[in-house]
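Heads up: the structure comes next, in structure tokens.
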Amino acid sequence: MSRSVAHTHRVVQRDTTRRRVSRRGFLGLLGGAGAGIALAGCGLGGLVGQTAELLPSRAPLPKPFQVPLPIPPVKRPVRTDGDTDYYEIVQRVGRVEILPGLRTTILGYDGIFPGPTLVTTSGRRVVVKHRNELPVPVAVHLHGGHTPADSDGFPTDLVLPVSGWDPPRNAHSARMRGDVSRGEREYVYPMNQRAATLWYHDHRMDFTGPQVYRGLAGMHIVHDAEERALPLPDGDRDIPLMICDRSFEADGSFRYPALDRTLREVPGVIADYMEGVVGDVILVNGAPWPVCEVEAVRYRLRILNASNARRYGLTLKPADGPPASFVQIGSDGGLLERPIRHERIDVAPAERFDVIVDFSQYAPGTVLTLRNELGKGATTQVMRFVVTRRAKDDSTIPKRLSTIERLDPERAVVTRVWKFRRGTVPSRQAHSDGDTTRSGWTINGKPFDPDSAHASPRLGEIEIWRFVSDLHHPVHVHLDPFQVIKRGNREPGPYDAGWKDTVDVRPAEHVDVVVRFSDYRGPFVMHCHNLEHEDMAMMATFRTT
Ligand code: C2O
Ligand code: CU
């Protein structure tokens, strides 16, 4: 067995960039990577540790710490039977107050932002019927879901608006041949997976960035018996924190540099923002720099970075004294084996960190600020916690949380190399017959093509995937989580523990992960979760067999 495994181990590397890149292109890449490193190192240009460009608001920024932390409502099933819970979500336009005194038009699940939270149970099937009352096509992806291909929200499996939709007549849309439904679609989630903090969001090909930015994101929490048996904080001491940044126009609408504001034909953003859009207002659960009152007890915080492109370096600091620690108990794919204590947590887009904070060491009246050490000015702050009173606390953090099966890299049958680089992609201009090209983002030198698979992993086999970057790229793989085995040529980093589905690949770095796909055959995607990069073609299809 091990002999044949060793013999079948191939290194798949389909990189054409080196050969094809011109001298100018090569210097461009270098310049890009060099700039990224300079930014990460000394904060030149004001965006520390980011591959992105700041888009300033035209509305006056609100004063921080004026509004309470909202908790998105938990969605109730419309019906339930022996093994399935059925939900219905209507995607519609909403008008909400995010900045005090102004109205923001959002695209929302049930018309709210964030969308309602789904709380489900491992092993119980979930069916969510989505009805699209928005003016744009959508696709719904459950991020972190172990989901069959036809319910995974493949980027061309669109749900068209109930009100009708004339497809744009350009060469590009003619190539989009997905499983398209009109008005409604049922997504079926077997939920054969561990307890974990998932989220759902839009995944429409080419337009995910602006559609998520306008509000199409919500949390999905999975529980299981193993987790329920642990004495962790729960109930209202278990708080989801969806963190994202936005910019606003003077009238309160979201500001976003889309090339095509109707989100109809031309994807992508204006050239200055192609590295990614970061805003100057930090929202938690949709509110700017909110305040959360807590008792002097332990809390479980489920941190999700739902930003399009912003990375955060989170710390939690009282006005004086040392920073509080975050005791990490879970990652993207659920519980860790053992808790890990951090004073700072770096979170790339789409990553989740499930942490316990012990507020019992603080006297009532203490104010702690959740800070972003990678921000500047207003974006150095995220939210506040105010300790109100002492209270009884039965929770503890067990020394051992769970058991994680180690995927043995020695048993990998293949190593696949995925190079995330700036490159040339089709411009997808309206009404052009032949595609002209523009600068965008590629994987192994190629722009996203929904019809051609870059890899055909076999279900049940262990593979090593190597992600190689020019700049910051948070790499996300659908269907099954992976384990990080190497960062550069070293051990995994402090934020790489446990089952991950998104990994923060930093400039000019390579990260090796070990993955094993299971259960479902079909086409799935892997992509950069910087949503501007994703829309500008940094996505690839793999087909499990
Ligand atoms: Cu969170 Cu393919 O996405
Ligand atoms: Cu990227």
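Computed over protein heavy atoms with a 1.4 Å probe, the accessible surface of region 384-496 works out to 45 Å² per residue. Here the spin labels are modelled as points 7 Å beyond Cα on the Cα-Cβ line, and at Arg131 and Arg103 they lie 2.3 nm apart. Cross-link reach is defined here as a Cα-Cα straight distance under 17 Å, omitting same-chain residues fewer than 8 places apart; for Lys129 the lysines meeting it are Lys75.
Roughly to the nearest percent, how much of the accessible area of the chain is carbon and sulfur, given a 1.4 Å probe? That share works out to 51 percent.
As a test of understanding, state the convex hull volume per residue of region 79-231 from its alpha carbons, in Å³.
That works out to 129 Å³ per residue.
Computed over the chain, the per-residue total of -39500 (n - 2.57) for DSSP H runs of n ≥ 4 gives a 222 nm mean residue ellipticity of -2500 deg cm²/dmol, rounded to 500. Bridgeable aspartates and glutamates around Lys399 (alpha carbons under 14 Å apart, same-chain partners fewer than 8 residues away excluded): Glu227, Glu337. Solvent-accessible area of Val294, all protein chains in place: 0 Å² (probe radius 1.4 Å, heavy atoms, ligands and nucleic acids excluded). Ligands, DNA and RNA are left out, and with a 1.4 angstrom probe the accessible area of region 79-231 is 35 Å² per residue. For the pair Lys63 and Thr84, label points projected 7 Å from Cα toward Cβ lie 5.3 nm apart. For Thr104, the accessible area of its heavy atoms, probed at 1.4 Å with every protein chain present, is near 0 square angstrom.
A cut-off under 12 angstrom between Cβ atoms defines the neighbours of Arg255, and their net charge, with Lys, Arg +1 and Asp, Glu -1, is 0. Judged by the ratio a/c of the largest to the smallest principal axis of the C-alpha gyration tensor, region 141-298 counts as oblate, that ratio being 1.5 or greater while a/b is no larger than b/c.
Any idea of the accessible area per residue across region 240-300, 1.4 Å probe, to the nearest Å²? It would help to have the intermediate numbers written out before the result.
Numbers: 1590 Å² over 61 residues.
With the other protein chains kept in place, region 240-300 gives 26 Å² per residue.
Taking label points 7 Å from Cα along the Cα-to-Cβ direction, Glu293 and Asn489 give a separation of 5.7 nm. Using C-alpha pairs below 8 Å separated by at least 6 residues, the relative contact order for the chain is 17 percent.
With +1 assigned to the C-beta of every Lys and Arg and -1 to the C-beta of every Asp and Glu, and no other charges, what is the dipole magnitude of the chain about the Cα centre in debye, to the nearest 20?
Value, rounded to 20: 940 debye.
The longest part of the chain holding none of the exposed loop trypsin sites (Lys or Arg not before Pro), meaning those outside H, G, I, E and B in DSSP with at most 14 other Cβ atoms within 10 Å, is 262-391.
Once you keep just the Cα pairs under 8 angstrom separated by 6 or more residues, what percentage relative contact order results for region 90-131?
Numbers: 50 pairs, mean separation 14.6, N = 42.
Taking the mean separation of contacting Cα pairs over the length of region 90-131, I get 35 percent.
To the nearest 10, the accessible area of Leu407 is 10 Å² with a 1.4 Å probe.
Given just the C-alpha atoms of the chain, how large is their convex hull per residue in cubic angstrom?
Details: hull volume 82.3 nm³, N = 545.
With only Cα atoms used, the chain gives 151 Å³ per residue.
Here Arg95 and Glu410 are evaluated by their C-beta separation; at R0 = 60 Å the FRET efficiency comes out at 0.60.
Here the contact order of region 72-182, divided by its residue count and restricted to Cα pairs under 8 Å and six or more residues apart, works out to 22 percent. A Förster distance of 30 Å, applied to the separation of the beta-carbon atoms of Gln381 and Asp238, puts the FRET efficiency at 0.80. Using just the C-alpha positions of region 205-254 as equal point scatterers, what log10 of I(q)/I(0) does the Debye formula give at each q in 0.14 1/Å? Reported log10 I(q)/I(0), two decimals: -0.61.
Within the same chain, lysines fewer than 8 places from Lys419 are excluded, and of the rest, those with a Cα less than 29 Å from its Cα are Lys446, Lys486, Lys500.
The values are calculated or read from the model by the stated rules, or taken from the named source; none is laboratory data. Here the structure is a predicted model, which means the values were calculated and not measured. Positions of Cβ are generated from backbone atoms using ideal geometry, with glycine treated the same way; all protein chains shown enter the neighbour counts. Each accessible area value is taken on the protein alone, full model and side chains, heavy atoms only, with ligands, DNA and RNA left out. Shrake-Rupley method; radii C 1.70, N 1.55, O 1.52, S 1.80 Å.
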